[in-house]
1. Across region 7-63, what is the total count of residues that are basic (Lys, Arg), loosely packed, with under 15 Cβ neighbours inside 10 Å and under 16 Å from ASN93 (Cα atoms)?
2. Let me spell it out: the conditions are (1) under 24 Å from VAL10 (Cβ atoms); (2) surrounded by 17 or more Cβ atoms within 10 Å (Cβ to Cβ); (3) modelled with pLDDT of 95 or more, and PHE133 meets all of them except one. Which number is the exception?
3. Report yes if ASP167 is within 25 Å of VAL31 (Cα to Cα), in a loop (DSSP other than H, G, I, E, B) and of a type in the set (Asp, Glu), otherwise no.
4. Could you figure out which of (1) closer than 15 Å to PRO168 by Cα; (2) touching a helix residue (DSSP H, G or I) at 6+ places or on another chain (Cβ under 8 Å); (3) among the aliphatic types (A, V, I, L, M) isn't true of ALA16?
5. When residues of region 106-144 are filtered for being under 20 Å from LYS57 (Cα atoms) and within 11 Å of the chain's Cα centre (by Cα), how many remain?
6. Within the bounds of region 65-81, is there any residue that is assigned to a loop (DSSP other than H, G, I, E, B), surrounded by 16 or more Cβ atoms within 10 Å (Cβ to Cβ) and not basic (Lys, Arg)?
7. Looking at region 52-67, which of the residues that are touching a residue at least 40 places away in the same chain (Cβ under 8 Å) and within 26 Å of GLY162 (Cβ to Cβ) is farthest from the chain's Cα centre (by Cα)?
8. Within region 104-120, how many residues turn out to be surrounded by fewer than 23 Cβ atoms within 10 Å (Cβ to Cβ) and touching a residue at least 24 places away in the same chain (Cβ under 8 Å)?
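The values are calculated or read from the model by the stated rules, or taken from the named source; none is laboratory data. None of these values were measured; they are calculated from a predicted model. Don't worry about glycine lacking a Cβ; one is built from the backbone with ideal geometry, like all the others, and counts go over all protein chains shown.
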Amino acid sequence: MARILLLHSVFGFRPAVRDAAERLRAAGHEVHTPEYLDGKLFEDVEEGLAYVEDVGKEQLMRRVLRTALPLMEDGRGPLTYAGFSLGGSLAQNLALNDENASGLLLFHGTSDIQEDAHTEMPVQLHVAEPDPFEPEDWLNAWYLNMLKAGADVEIHRYRGAGHLFTDPSLPDYDEAAAERAWLIADAFLAELD
């Protein structure tokens, strides 16, 4: 059983996030899903991004840390960090700064990697191909920097899927891609047990 901190996207804590958490719990994992956008739900990515820019990524990270720190320090074992798009970016930053992290599972999003980052955790990324938020040159650089940091990295690409292809309530949804991503992610998480 993995202990998972699962972070939602810029659209907010939508039903797809609850469903993902329930799926993971049904597989035997302990899942924590903090809400960090003041309870707001956005129907439009630009609206969500404007809110994030107004609040600032540092403030969002502080909000997520309020949930993460007690879990990191409770002595019950390491955390696996996971997230959707913006949540993936935040999860990556947390994981790379937690020397006890057991893994990193990213759906639809990555983040910059510090020059001095070092980790040996397994990392799995699921991303649309092409993805307007994760262009090919960015993903190549991200992959190489993750390898340089020492991570064991897998990238799974979903040709023709939209950016947030795992959320059934969004136009990006792709049922076949979402199911394939979840099957691969389930196997990844089972290996972390």
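1. Total meeting the criteria: 2.
2. In the conditions (1) under 24 Å from VAL10 (Cβ atoms); (2) surrounded by 17 or more Cβ atoms within 10 Å (Cβ to Cβ); (3) modelled with pLDDT of 95 or more, PHE133 misses (3) alone.
3. Spelling it out, ASP167 is indeed within 25 Å of VAL31 (Cα to Cα), in a loop (DSSP other than H, G, I, E, B) and of a type in the set (Asp, Glu).
4. (2) is the only condition that ALA16 fails.
5. So the count comes out to 6.
6. Scanning region 65-81, I find at least one residue that is assigned to a loop (DSSP other than H, G, I, E, B), surrounded by 16 or more Cβ atoms within 10 Å (Cβ to Cβ) and not basic (Lys, Arg), so the answer is yes.
7. Checked region 52-67; the qualifying residue farthest from the chain's Cα centre (by Cα) is VAL52.
8. 5
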